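Right, one structure below, let's go through it.
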Amino acid sequence: MAEEFEPKIVAFCCHYCAYSAADLAGSMRLQYPSNIRIVEMTCSGNIDHRVILNAFEEGADGVYVAGCMEGDCHFLKGNYRAKKRVNHVKQMLDEIGFDSRRLEFYNLSAAMGPRFAEIANEMTQRIKELGPSPLNKKEGDTK
Amino acid sequence: MIIAQQKPIQEIAEMVKDCRKVLVVGCAGCVTVCLSGGEKETEILASELRIMRQLQENPLETVTFVCTRQCDPEYIAMLDNLVEDVDAVISLACGVGVQYIAERYPSKWVLPAQNTNFIGGSIEHGVWEERCGMCGNCILHLTGGICPIIRCSKSILNGPCGGSQYGKCEVSKDTPCAWQLIYDRMQSLGKLDKLLELQPPKDWSTSRDGGPRKAVREDVIIG
């Protein structure tokens, strides 16, 4: 029997919201999939096109960037810029024939531990449905 | 600065479809400032091409480099070792950079990743506008620092024309009438009388006339 596909998902999380929310989710003993690899950022506005593309090239099946709620960015506009940048990368991915649903942007606050777990579940479920990234094909794979 | 915009990725991919290894060369000059061909854009383009080709199961190897300027031979010389084993060179510079690389490496297939658009400046972050027509005979001292050659749709020297309506040009409601701008500026400077002087037809021989132009400074030529 084939092993169930366990995706690798990289979550770029803002220190002031999503990363703290992940902490809270842990303190609340909330279960969320171990597929999520969290990268702490000083602000979601630090995200760069190259970093996202690099994550996919290096084997991520999915990537998401999580920033503060709109209007609540610690650096005022970082989350808006991150969202714009993520949307631009999504457009680029579609243009090159790579499913942009593998990339997403979320807004949440430090108090949203349950929402963090929900997003982790939602993204894991989505990527499981999409299957392994076409960039992760091993030699000999027929599909 | 020179403003350029990247060609659609499909168009660039089509140019290199038969290549296995390419050199992607950015430029740290104008195209870095207009965010279309600097270090970041060079890495992104290389990454896009690699992903695209991997999806097609026809992997592409990329090497990236950013020249200080591609419009100076001394900076292109740094590519000498890098071009040796590549099938093509993709330049993210303006048309000048592409031609300089092509001239230096006659046996290499050199491809443009950009469309070179105009000479201009930024009016806000992410928006650039044309400001100079490179006519070779500047008349900004006569027009209050506003260029009618490039900013007037008809490039007229004694404006405005009848197509100027409520400060806008008839070609588009988003295009200010350059001559309205000139009039307003000269009025605020108290120099409206200057506009009463009729300008004779412009001598266009300094513009795009008789092939490519050349500028020479004898005193700095070495040798």
Study note, to complete from the structure: region B:133-206 accessible area per residue, 1.4 Å probe, protein heavy atoms, integer Å², reads 64 Å²
Revision key, fill the gap. The simple spin-label model distance between B:Gln10 and B:Ala77, using points 7 Å out along Cα→Cβ, in nm, is 4.3 nm
Exercise for review: Run the dipole for region B:11-95 about the Cα centre, Lys and Arg Cβ at +1, Asp and Glu Cβ at -1, nothing else charged, and hand back the magnitude in debye, nearest 20.
Suggested key: 160 debye
Practice item. Please build a GNM for chain B, connecting alpha carbons under 10 Å apart, and tell me which residue among B:Thr206, B:Thr68, B:Thr143 fluctuates the most. Key: B:Thr206
Practice item. Specify the inter-centroid distance of region B:1-42 and region A:75-94, based on alpha-carbon positions, in whole Å. Key: 21 Å
Check your understanding: Which listed residue (B:Ser164, B:Gly190, B:Ile123) has the Cα farthest towards the positive end of the charge dipole for region B:76-199, taking +1 on Lys and Arg C-beta and -1 on Asp and Glu C-beta about the Cα centre?
Key -> B:Gly190
Review point. When the dipole is taken about the Cα centre of the protein assembly as shown, and only Lys, Arg (+1) and Asp, Glu (-1) are charged at their Cβ, what size is it in debye, to the nearest 20?
Key: 920 debye
Exercise for review: Could you please report the charge total around B:Val22, scoring K, R as +1 and D, E as -1 over all other residues with beta-carbon less than 9 angstrom from its beta-carbon?
Suggested key: 0
Check your understanding: Per residue in region A:91-106, which ones lose no less than 50 Å² of accessible surface when going from chain alone to all protein chains (1.4 Å probe)?
Key -> A:Glu95, A:Ile96
Exercise for review: Note down the accessible area of A:Arg126, probe 1.4 Å, to the nearest 10 Å².
Suggested key: 60 Å²
Exercise for review: Using label points projected 7 Å from each Cα along Cα→Cβ, tell me how many nm separate A:Arg126 and B:Ile222, to one decimal.
Suggested key: 5.7 nm
Check your understanding: So what is the relative contact order for region A:9-136, in percent, with contacts set as C-alpha pairs under 8 Å and at least six apart?
Key -> 37 percent
Check your understanding: Round to a whole number: what % of the accessible area of region B:133-206 belongs to carbon and sulfur, probe 1.4 Å?
Key -> 56 percent
Practice item. Using R₀ = 35 Å, calculate the FRET efficiency as 1/(1 + (r/R₀)^6) where r is the Cβ-Cβ separation of B:Asn58 and B:Arg131; round to 0.05. Key: 0.20
Point to revise | FRET efficiency, A:Ala111 to B:Glu39 (Cβ-Cβ, R0 41 Å, nearest 0.05) | key: 0.60
Check your understanding: Residues of region A:38-57 losing 10 Å² or more of accessible area relative to the isolated chain, 1.4 Å probe, heavy atoms only?
Key -> A:Asp48, A:His49, A:Arg50, A:Leu53, A:Glu57
Review point. With Cβ to Cβ distances under 11 Å as the rule, what net charge do the other residues near A:Val10 carry (K, R +1; D, E -1)?
Key: +1
Practice item. Answer rounded, prolate or oblate for chain B, using the Cα gyration tensor with square roots of eigenvalues a ≥ b ≥ c: rounded when a/c is under 1.5, else prolate when a/b is larger than b/c, else oblate. Key: prolate
Practice item. Rank these by accessible area, largest first, 1.4 Å probe: A:Asp61, B:Asp87. Key: B:Asp87, A:Asp61
**Study point:** Loop-located GluC sites (Glu not before Pro) in region A:54-102, at most 12 other Cβ atoms within 10 Å (DSSP)
**Key:** A:Glu58, A:Glu70
**Study point:** Efficiency of FRET between A:His74 and B:Lys173 - r from beta-carbon atoms, R0 41 angstrom, step 0.05
**Key:** 0.50
Practice item. Work out the charge dipole of chain B with +1 on the Cβ of Lys and Arg and -1 on the Cβ of Asp and Glu about the Cα centre, then indicate which of B:Asn58, B:Gly95, B:Gly26 is farthest towards its positive end. Key: B:Gly95
Practice item. Would you work out the relative contact order for region B:133-206, in percent, from Cα pairs under 8 angstrom that are 6 or more residues apart? Key: 33 percent
Study note, to complete from the structure: Ignoring ligands and nucleic acids, chains B and A bury, in total, an accessible area (1.4 Å probe) to the nearest 100 Å² of about 1300 Å²
Practice item. Would you mind calculating the gained length between B:Arg104 and B:Arg213 on full extension (0.36 nm times residue separation, minus the Cα-Cα distance), in nm to one decimal? Key: 37.2 nm
Review point. Separation between the B:Lys21 and B:Cys138 pseudo-spin-labels, each 7 Å from Cα along Cα→Cβ, expressed in nm?
Key: 4.7 nm
Review point. Among rounded, prolate and oblate, which fits the protein assembly as shown when a ≥ b ≥ c are the square roots of the eigenvalues of its C-alpha gyration tensor, a/c under 1.5 means rounded, and a/b larger than b/c means prolate?
Key: oblate
Practice item. Give the residue from A:Cys43, A:His74, A:Leu103 lying farthest towards the positive end of the charge dipole for chain A; charges sit on Cβ (+1 for Lys and Arg, -1 for Asp and Glu) and the dipole is referred to the Cα centre. Key: A:His74
**Study point:** For region B:94-223: rounded, prolate or oblate by the Cα gyration tensor [a/c cutoff 1.5]
**Key:** prolate
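The values are calculated or read from the model by the stated rules, or taken from the named source; none is laboratory data. Small disclaimer: the values here were computed from a predicted structure and weren't measured. When we count neighbours, we look across all protein chains shown, and the Cβ atoms used for this are built from the backbone with ideal geometry, even at glycine. What goes into the accessible areas is simple: the full protein's heavy atoms, side chains included, and nothing from ligands, DNA or RNA. Shrake-Rupley method; radii C 1.70, N 1.55, O 1.52, S 1.80 Å.
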